[in-house]
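I have placed the structure first, in the form of structure tokens, so that the comments after it can refer back to it.
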Amino acid sequence: MTRSETRSQRVPQPAGAFHQVNGPSISEQRAHQESEDRTISAPTEPASAPDLPVANLGPPAPPKPEVDTNVLMKLELEDKEAEARLAEAELLLAETRVKVETARRAVVAQKLKMAKAGIPPPN
């Protein structure tokens, strides 16, 4: 008899005691791993809003103060006035561009007349 056979014959052991001391068998490990794999790969349902804890929502937003209608009307009036000033400035700019273009055309017309008359253009 070998030493391990002698010892197992002398000391009675309950069923499965070898695995308790030395860990689970390879087949038990594989079965456990397959069970975990099935649990992990199983599709989960998306969490719906009621399932979320209230703590994730953060503190409630402070109530918005009511805007006074007079203040609101004043702000809207100031906005309209600013838009009117902008439109007026754009109109003045357009009129100035027209004047510049008219002057440019006059210069070109004058140079053309001088060229027809045989007068060299000034430097």
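Read-outs throughout are calculated quantities, based only on the coordinates presented, and are distinct from any laboratory measurement. Remember, predicted model here, so these are calculated numbers, not experimental data.
Under 29 Å of direct C-alpha separation, and excluding same-chain neighbours fewer than eight residues apart, LYS74 reaches these lysines: LYS64.
Cross-link partners for LYS113 among the lysines, with Cα-Cα distance under 30 Å and sequence neighbours closer than 8 places in the same chain left out: LYS99. Evaluating kT/(6 pi eta Rh) at 37 °C and 0.692 mPa s, with the Kirkwood radius of region 76-123 over Cα pairs in the Stokes-Einstein relation, gives 241 µm² s⁻¹.
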